[in-house]
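In what follows, a structure is listed as structure tokens, so that the remarks can point back to it.
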Amino acid sequence: MDRGTVIFVGAMLTFASSWVGLVYLPYQQLNGQQPFTAPGEDAYPRPYSDKAAAGAGVYAANGCIYCHSQQVRSEKFGNWWENGEEKTGADIRRGWGSRRNVSRDYLNDRPPFLGTMRTGPDVANVGSRYSAAWQHQHLFNARSFNSWSTMPSFAFLYRKEKVEGTRAPNALRLGREWTVNPGYRWRPTDAEWDTILAAQPNLSVGFETTTPEGKSRLLGLWLTSEEEGHQVVPTADAENLVAYLLELRKAETPLPEAKE
């Protein structure tokens, strides 16, 4: 047998064994896996609602998977030091889930958004950690919570409009510093602030505006108040995306195969 045949057969055996080990055997092991049902409880995982299923498409289209994973790691993974003692289980300690993720968690995910990087925190159970209002504000501009956040603003998923009558129930409760120029934190120049004060003398009632400190204090309060006559409301894509995030509650329901 010449060397070419040996190399060909060896290569085929290598690829075949890799395919069997990485594709065929896992498929046979996990194919047909069913939701877990505990006595007196609904089957887990529960199917996504129609809005959440649409939101998964928004999640994928905006590349959320590139910065957020959906896989809580084992209690034996991730070390930190506490009182001079090294401990493990960083994900569990952070409250990102009560156990590690297993294959059953992803039965309803097509495809599963496991992710490989954590520029931002894991979101496997983000629906348990924050409210809908928080999710919307964070998507609109994460720096309204943390000035150091590197998460991009998704202000394009929201619509700024004039208020007709009363504010909409789903309008974001944000100060004008975030809504005057959506996607950015707005600050008027000194000249613009002087013009605003001159045009609205009632703003300065009860404030000392003859000193820089007084004017600066009033500016801070004014910027955190809502913009008169305008509001920011979520589009259908934003509503669907938040519905999806709220239904991300993996790594909560106890599963027999998830025991450490």
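Working note: Karplus 6.51/-1.76/1.60 with θ = phi - 60° gives region 34-42 the couplings 10, x, 8, 10, 8, x, x, 10, 6 Hz, where Gly and Pro are set to x. Computed from the C-beta positions of residue 46 and residue 85, the FRET efficiency with R₀ = 25 Å rounds to 0.05.
Once backbone amide H atoms are built at 1.01 Å from N, residue 230 has 163 as its partners under 5 Å, excluding neighbours fewer than 5 places away on the same chain. Amide hydrogen proximity for residue 181: with H placed 1.01 Å from N in the peptide plane, the residues at 5 or more positions away or on another chain lying under 5 Å are 186. About its Cα centre, the chain has a charge dipole of approximately 420 debye under the convention of +1 per Lys or Arg Cβ and -1 per Asp or Glu Cβ, with nothing else charged.
Report the number of Lys pairs in the chain whose alpha-carbons are under 26 Å apart, with separation of 8 or more residues or on distinct chains. Mind showing how you got there, number by number?
Details: 51/160; 51/250; 76/87; 76/250; 76/259; 87/250; 87/259; 250/259.
Lysine pair count for the chain: 8.
The fewest-to-most ranking of 48, 158 by surrounding Cβ atoms within 10 Å reads 48, 158.
Projecting the Cα positions of 9, 123, 134 onto the charge dipole of the chain (unit charges on Cβ atoms of Lys, Arg, Asp and Glu, taken about the Cα centre) puts 9 furthest along the positive direction.
The spacing between region 146-173 and region 72-129, judged by their C-alpha centroids, is 29 Å. In this structure, the amide hydrogen of residue 158, modeled 1.01 Å from its nitrogen in the peptide plane, lies closer than 5 angstrom to those of 235, counting only residues at least 5 positions away or on a different chain.
Which of 162, 250 has the fewest other C-beta atoms within 10 Å, and how do the rest follow up to the most?
On the way: 162 7, 250 28.
With the fewest neighbours first, 162, 250 line up as 162, 250.
The charge dipole of region 1-128, taken about its Cα centre with unit charges on the Cβ atoms of Lys, Arg (+1), Asp and Glu (-1) only, comes to about 100 debye. Subtracting the Cα-Cα distance of residue 34 and residue 114 from their residue separation scaled by 0.36 nm leaves 26.8 nm.
Each value in this text was obtained by applying a stated rule to the coordinates, not by laboratory testing. All values reported here derive from a predicted model rather than from experimental measurement. Counting neighbours? That spans all protein chains shown, and the Cβs are built from the backbone with ideal geometry, glycine included.
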